[in-house]
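Rule-based calculations on the coordinates, nothing more; no lab input. Here the structure is a predicted model, which is why all the values come from computation and not from measurement. For neighbour counting, all protein chains shown are included, and Cβ atoms are generated from backbone atoms with ideal geometry for every residue, glycine included.
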Amino acid sequence: MDARAAARLRTVLGHLGRLEPRDVVAHPTSGTVSPTSFHPQQFQFTLDNSILSLEQRQFYEENGYLVIKNLVSDEDIQRFRDEFGKICRKEVKLDRLVIMKDVSISKLQLAPSEKVVTKIQDFQEDPELFRYCTLPQILKYVECFTGPNIMAMHTMLINKPPDTGKKTSRHPLHQDLHYFPCGPSNLIVCAWTAMEHIDRNNGCLVVLPGTHKGSLKPHDYPKWEGGVNKMYHGIQDYDENSARVHLVMEKGDTVFFHPLLIHGSGRNKTQGFRKVGIPIAAPIGKDGCVSCSATPYGYDGLKPKNP
Ligand SMILES: O=C(O)CCC(=O)C(=O)O
């Protein structure tokens with residue numbers, strides 16, 4: 001394509017609002033190029049729509065994650081925190097909710113409070129918490145990966161406790177597809193919303209960029225001296241030299257990531273409880289999440305070695 005044609009294409013795409021004009025580069029081609037089919041590369045991990053910029057798509061394709069700043073409002077986050085508090089104090093009871101405690105305190109008889117609950121899972125019956133999965137701004141981005149018919153496969157609110165010194169607050173490096181062996185994996189996405197400022201001190205998410213292009217690896221309980229939380233499986237044989245990125249995020253920021261992306265989180269060295277909300281979403285319908293080889297939670301053939 002010559003420079004004049006490239007300039008014309010930039011203008012057309014700019015008008016269509018599909019791509020940022022600056023994202024279009026001239027490169028040689030022998031055929032004709034229509035604006036709608038023009039892509040400098042094939043996309044495998046993101047779907048065609050007008051939400052993501054070309055730069056954002058390219059970032060996700062290459063790295064397997066994408067952080068969107070300031071996506072969930074302070075007001076919504078406060079409402080989720082309040083509801084979480086009610087659940088922890090047993091003021092709200094839900095039949096199918098799974099409540100988890102850190103292994104370092106799980107055997108102690110402690111009064112119900114936010115300080116003893118590390119994680120809640122499957123909050124789909126709680127209208128207030130499930131509102132998170134229906135926030136239009138979350139769904140808008142989820143759709144870029146799943147397509148328009150969206151199902152929340154799994155929901156969690158993690159309340160990472162201050163580490164007691166045994167390093168049990170760590171979450172080993174893992175791939176979420178291990179827990180949700182469904183496919184096609186490229187149509188599944190996890191959203192992880194920071195409910196406060198999160199950095200390495202309180203145990204931010206750490207990701208190994210590009211690992212979503214690999215395969216699902218064997219997982220097992222890590223051999224950690226201080227103990228490992230139930231279902232906190234880790235990959236045994238990841239490449240120690242892989243680059244790691246620690247995602248420092250502000251309240252309301254949300255990272256979307258691929259279910260094969262290797263990720264985990266460090267220990268919480270502060271006295272606060274680090275909170276995040278997470279739905280894992282997949283498409284439903286004929287193009288949808290077609291094959292699941294195990295049900296979620298039916299995957300715990302692994303028994304903790306240091307409970
Ligand atoms: O928020 C964290 O500590 C990590 C959560 C996570 O990776 C997961 O539950 O799959």
TODO: Estimate the FRET efficiency between Asn149 and Lys213 by the formula 1/(1 + (r/R0)^6), using the beta-carbon distance for r and 22 Å for R0, to the nearest 0.05.
DONE: 0.30
TODO: Compute the FRET efficiency between Ser113 and Ala243 as 1/(1 + (r/R0)^6), taking r as their Cβ-Cβ distance and R0 = 30 Å, and round to the nearest 0.05.
DONE: 0.15
Task: Mean shadow area of region 3-281, taken as a quarter of the surface of its Cα convex hull (nm²) - done: 16.6 nm²
Open item on the list: 5 Å is the cut-off here: which amide hydrogens, built 1.01 Å from N in the peptide plane, fall below it relative to His171, excluding neighbours closer than 5 in sequence?
Closed with: Ser265, Gly266
- [ ] Just subtract the alpha-carbon distance of Asp82 and Lys140 from 0.36 nm times their residue separation and send over the number in nm, one decimal.
- [x] 18.4 nm
TODO: Order these peptides, 81-90, 104-113, 149-158, by their mean beta-carbon neighbour count within 10 angstrom, highest first.
DONE: 149-158, 81-90, 104-113
Open item on the list: Below 8 Å, C-alpha to C-alpha, sequence gap of six or more: please give me the relative contact order for region 150-240 in percent.
Closed with: 38 percent
- [ ] Place a label point 7 angstrom from the Cα of Gln124 along the Cα-to-Cβ direction, then list the residues of region 140-155 whose backbone nitrogen is under 17 Å away.
- [x] 149-155
Task: Net charge contributed by nearby residues that have their C-beta within less than 12 Å of Lys166 (K/R +1, D/E -1) - done: 0
- [ ] Compute the relative contact order of region 3-281 as a whole-number percentage, counting only Cα pairs closer than 8 Å that sit 6 or more residues apart in sequence.
- [x] 25 percent
TODO: Pop the C-beta distance of Gln42 and Ile284 into the FRET formula with R0 = 25 Å and round what comes out to the nearest 0.05.
DONE: 0.45
TODO: Work through the residues other than Leu71 whose Cβ is under 11 Å from its Cβ and net out their charges, Lys, Arg +1 and Asp, Glu -1.
DONE: 0
